[in-house]
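Accompanying notes for the structure given below.
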Amino acid sequence: MVNKNNIQFLQPDEIYCDPLKAGFCILPYPFEGGISFHSGTAKAPQAVLQASSQVELYDEMLDAEPFRAGICTLETPNIPAKTKEMADHIYKSCKTIIEKGKYPIVLGGDHSISPGFFKALCRFHNPIGVIQLDAHADLRDQYEDDPHSHASVMARIREQTEHTLQLGIRSMCIEEADLIKRENLAVETMHELRKNDLNINAALERLPDKVFLTIDVDVFDTGLIQHTGTPEPGGLTWYEALGLLREIFAKKNVVGFDLVELACHPDDWVSPFAVARLLYKIIGLKINSLINRKQLIAWPKKPLKVPVN
Ligand SMILES: [Mn+2]
């Protein structure tokens with residue numbers, strides 16, 4: 001796993017992306033075998049890495065330079081073509097990253113990669129919950145005969161934990177709606193969120209301290225993220241999402257996260273840049289959370305091991 005990508009996230013000086021020293025580790029995972037609508041997610045990691053060279057290293061919201069903690073981008077692995085084999089492959093890849101003491105981040109790729117990543121986190125963290133930001137409930141037991149489809153992500157995750165919180169949802173089938181009611185699942189629709197019906201603190205309190213965060217970028221408004229595998233109108237604005245993320249990182253120990261479902265389009269420069277910005281914001285929020293929890297004494301000046309427990 002020590003092989004570096006030719007393009008490093010943010011393209012900082014060499015010492016800040018040294019795979020041995022960096023606290024954060026990004027695995028680009030351009031898998032596109034689980035999609036059902038638009039293609040383009042396979043090219044997304046590369047586009048985000050390229051766009052990241054334009055992201056300012058200083059974060060004005062946090063008044064800090066999070067990159068100094070060290071962020072290494074791994075080379076893109078050879079990914080099996082079938083969803084079932086892929087699920088095992090990403091599990092092993094993420095397990096290796098965690099075993100090396102790195103904070104794991106996966107850059108997709110379509111959403112079918114998340115349950116395997118989560119399975120790796122479950123080996124190290126128990127109890128652990130999941131927070132999903134997504135336009136879609138993803139609770140179908142299977143989709144187009146594939147239980148590992150990107151439309152079944154939360155169904156597969158719920159086999160591993162009962163602690164889930166789904167935010168920004170605005171698309172589901174009636175069977176999913178029935179399941180949510182029957183099992184009283186914590187699903188906050190976009191409609192409820194806009195009515196100010198969401199008590200995020202109460203929702204977060206029901207989860208264990210440790211959580212995995214999975215962000216399907218179709219949770220955003222299509223003005224911000226213009227191309228995704230399955231776009232839906234009416235999503236989160238940039239600052240609504242940052243507000244939610246600030247609350248999540250203030251209250252929870254987020255032990256890993258992924259960003260999935262960006263679809264590339266040759267004329268779209270906005271969306272990959274927004275995802276690069278988002279990725280960097282989240283790394284900053286994680287470091288800020290470690291400082292608030294007194295697991296770090298200050299913003300790091302040089303690469304360090306990120307405490308994960
Ligand atoms: Mn989605």
Review point. Based only on Cα atoms, what Rg/Rh ratio does the stretch 86-125 have, Rh being taken as Kirkwood's radius?
Key: 0.93
Review point. For the stretch 142-287, what are the per-bin percents of Cα-Cα distances with bins 10 Å wide, up to the bin holding the maximum?
Key: 10, 40, 40, 11, 0
Point to revise | Viscosity 0.890 mPa s, 25 °C: Kirkwood-radius Stokes-Einstein D of the chain over Cα pairs, µm²/s | key: 129 µm²/s
Exercise for review: Starting with the highest mean, order 136-146, 281-291 by the number of other Cβ atoms within 10 Å, averaged over the residues of each peptide.
Suggested key: 281-291, 136-146
Practice item. With 30 Å as the limit, write out which pairs from LYS84/LYS281; LYS95/LYS251; LYS82/LYS251; LYS102/LYS181; LYS95/LYS281 have Cα-Cα distances beyond it, or answer none. Key: LYS84/LYS281; LYS82/LYS251; LYS102/LYS181
Practice item. Report the one residue of CYS264, LEU207, HIS191 whose Cα lies farthest in the direction of the positive end of the charge dipole of the stretch 164-291 (charges on C-beta: Lys and Arg +1, Asp and Glu -1; origin at the Cα centre). Key: LEU207
Exercise for review: Note down the nm distance, to one decimal, between modelled labels 7 Å out along Cα→Cβ at TYR239 and at ARG182.
Suggested key: 4.2 nm
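Read-outs throughout are calculated quantities, based only on the coordinates presented, and are distinct from any laboratory measurement. The structure presented is a predicted model; accordingly, all values stated were derived computationally and were not measured. As a convention, Cβ positions derive from the backbone with ideal geometry for all residues, glycine included, and neighbour counts pool all protein chains shown.
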